[in-house]
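Report on the following structure.
The values are calculated or read from the model by the stated rules, or taken from the named source; none is laboratory data. Keep in mind it's a predicted model, so treat the numbers as computed, not measured. Neighbour counts are summed over all protein chains in view; Cβ atoms, including those assigned to glycine, are modelled from backbone coordinates with ideal geometry. In case anyone asks, the SASA skips ligands and DNA or RNA and just uses the protein heavy atoms, side chains included. Shrake-Rupley method; radii C 1.70, N 1.55, O 1.52, S 1.80 Å.
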Amino acid sequence: LKALEDELFAGFDLTAQQYNVLRLLGNVYPAALPTLELAGRLVSRAPDITRMIDKLEQRGLIRRERPPEDRRVVHVVLTEAGLELIQ
């Protein structure tokens with residue numbers, strides 16, 4: 001099953017965990033999720049959620065937002081391109 005999953009997501013240049021991040025953000029779209037809450041909702045543990053978010057952001061699929069009232073918190077929101085990809 002893992003090999004089939006890897007093959008499917010490779011066609012979209014994604015890993016299963018990256019797709020899961022996009023799916024979770026799609027469920028709350030257009031709202032955002034804090035990074036730690038997003039990591040907690042993942043089906044499988046993501047040891048490096050920051051690096052995974054970096055890659056998705058570089059592709060323009062998500063963006064980070066920092067609320068002005070607490071700059072320590074990072075919210076992640078799905079972009080239009082990310083929404084189109086998961087649809």
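Heavy-atom surface analysis with a 1.4 Å probe gives the chain a carbon and sulfur content of 53 percent of its accessible area.
In Å², what does the accessible area per residue of the chain work out to with a 1.4 Å probe? Don't skip to the end; give the middle numbers.
Numbers: 5740 Å² over 87 residues.
Accessible area per residue: 66 Å².
Label sites at Asp70 and Gln87, each approximated as a point 7 angstrom past Cα along Cα to Cβ, lie 3.2 nm apart.
One equal scatterer on each Cα of region 24-87, no solvent, Debye formula: the resulting log10 I(q)/I(0) at q = 0.16, 0.18, 0.29, 0.30 Å⁻¹ is -0.49, -0.63, -1.42, -1.45.
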